[in-house]
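The values are calculated or read from the model by the stated rules, or taken from the named source; none is laboratory data. Everything quoted here is computed from the prediction, not taken from an experiment. Cβ sites come from the backbone with ideal geometry, for glycine too, and all protein chains shown count toward neighbours. The area values use the complete protein model at the heavy-atom level, side chains included, leaving out ligands, DNA and RNA. Shrake-Rupley method; radii C 1.70, N 1.55, O 1.52, S 1.80 Å.
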Amino acid sequence: MPSLETESNRIVIAGASSLLGAELRSLLEQSRFAASEFRLLDEVTAVGTLTEAGGEPAIIQPVEEGSFQRAKFVFFTGSEEFSRVNLKAALATGARIIDLSGASVSEPGVVAWFPKLDWLLGREFAKDATNFAIPSAGATAAAGLALALGKSGLQKLSVTCFQSVSEAGRAGIEELESQTGQLLSFQGVGQPVFDTQVAFNMLDRYGPGSSRKLHVVRNRMRNEARVCVDAKIAAPAIQALHAPVFYGTAFLATAEMASGTEVEKILQACKDAGFAITADGEAGPSNVNAAGERAIQLAVPEQDPGLPGTWWFWGAADNIRLPAANAVKLAEMIS
C-alpha cells in the first residue's frame, strides 16, 4: 500500500451533498481539523453544487482518477452504492477510511467503532487500522444497549427504531413538508420520493416505486449491530419503521433480563455505556429533545408488571449529529 505523505492535511468527504456530509463538514471545521484542505466529492447528480468549506466557496466535484490522492482521511457519507464503488480506490491511496454509509461494515479488516464500544467489548483500540465503520444512530443504540445489558444478565433484546424522513435527505424532508401542507389544505399529495403518503402516517414500507426501501434500512441496522456486538452476546432483533417526523431516530426496546435484576443495576450499566439518562420529572427522550445532542438519550427503564424480568426502554438520538460527531471523535483519536 502506498505510504501517505506525512505533511498532507487533505480531508476528502465523499458524499458531501448529503445531510450527513454537510453535518460532518461543519463539525470538522469546529475541530482541530479546521485548517485542513477539504475536498468535496459526490455522485454525478450533485456535481457542481456550490457550497462552502473552511469559510470559502467550494464546488462539489465528481470522483475521478486521483480524487483520493494525498488524503489523510476519507469520509464516506453518501449512499452505500456510491461508497462501495469508490472504497477500493480510496484504500489504495493509504488514507484512513471512516465510513458512515454502512457500505463497508462487513468487509474484512474493518473496525466498527463508536464511543465506549472498545470498553464494552473488552478490546484494545485499533489505532493502527486503516478502515473504520461508524454505525447509524439506530444500530449504535441497539448494539450499545445490548452490550450494556449483557453485563447485567440480558437474555434477549428486541429494538424497534422509528426512522425520520431526513434519512432520505433534503428531498425526503421537502416531501414530508409538502404533503403536510397539502393534506391540511385537503389537496392530493405528491409522492416522488416515497411513492406513498408519509405525512400523518406510520409505515413498515414505502411505495413500490420508491427507491427508499425500509427493508434495506433494517438489514443495514441488523448488520451493523451484529458486527458491533462481535459475538460477545446474541445480536439484538431490530425492526425499522417510518415515523412522520423530519429529524431524529427514536427507539423502543424490550429486554428479557435475569430474574431479580434491579433497575439501579440496569441504569448504571447504561450510564457506563454512554447513554444519557433522563431523570423522572425531566422532559423524556424524543426526536425534538435529542436534536443537536452527541449522546443517545434514554428514559429510566420500566419493568413490565405482568412479565417479571421483562423491561421496557425508550430512547432517542440525533440521526445526523450522532454519527457525524462519532466520526470526528474517531479521526481525532487516530490522527
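Numbers for the structure displayed
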| read-out | value |
| --- | --- |
| Residue among Ala324, Ala291, Ala295 that alone is in contact with a helix residue (DSSP H, G or I) (Cβ under 9 Å, 6 or more places away or on another chain), open to solvent by less than 10 Å² (accessible area, probe 1.4 Å) and among the hydrophobic types (A, V, I, L, M, F, W, C) | Ala324 |
| Per-region count, the range 203-214, residues more than 16 Å from Ser79 (Cβ to Cβ) and open to solvent by 70 Å² or more (accessible area, probe 1.4 Å) | 2 |
| Where Arg218 falls short, out of the listed (1) open to solvent by 60 Å² or more (accessible area, probe 1.4 Å); (2) under 25 Å from Lys156 (Cβ atoms); (3) of a type outside the set (Val, Ile, Thr) | (1) |
| Evaluation of Val74 against (1) outside any loop (DSSP other than H, G, I, E, B); (2) over 27 Å from Asp230 (Cβ atoms); (3) among the hydrophobic types (A, V, I, L, M, F, W, C) (one fails), failing number | (2) |
| The listed residue being outside any helix (DSSP H, G or I) and either surrounded by fewer than 16 Cβ atoms within 10 Å (Cβ to Cβ) or modelled with pLDDT of 95 or more (or both), out of Val85, Val12 | Val12 |
| Output for the range 126-157, where each listed residue is under 24 Å from Phe194 (Cα atoms) and open to solvent by 10 Å² or more (accessible area, probe 1.4 Å) | Ser136 |
| Candidates Phe186, Phe200 - the one that is more than 25 Å from the chain's Cα centre (by Cα), open to solvent by 70 Å² or more (accessible area, probe 1.4 Å) and either farther than 27 Å from Ala46 by Cβ or among the hydroxyl-bearing types (Ser, Thr, Tyr) (or both) | Phe186 |
| Matching residues, the range 221-232, being among the hydrophobic types (A, V, I, L, M, F, W, C) and open to solvent by less than 50 Å² (accessible area, probe 1.4 Å) | Met221, Ala225, Val227, Cys228, Val229 |
| Glu167, sole failed condition from (1) open to solvent by 30 Å² or more (accessible area, probe 1.4 Å); (2) over 20 Å from the mean Cα position of the chain (by Cα) | (2) |
| Single residue of Thr249, Thr261, Thr160 found to be hydroxyl-bearing (Ser, Thr, Tyr) and surrounded by fewer than 17 Cβ atoms within 10 Å (Cβ to Cβ) | Thr160 |
| All positions within the range 38-71 that are more than 20 Å from Leu100 (Cα to Cα), part of a strand (DSSP E or B) and in contact with a strand residue (DSSP E or B) (Cβ under 7 Å, 6 or more places away or on another chain) | Leu50, Thr51, Glu52, Pro57, Ala58, Ile59 |
| Residue that is of a type outside the set (Lys, Arg), open to solvent by 10 Å² or more (accessible area, probe 1.4 Å) and touching a residue at least 60 places away in the same chain (Cβ under 8 Å), where the choices are Glu80, Glu43, Glu37 | Glu80 |
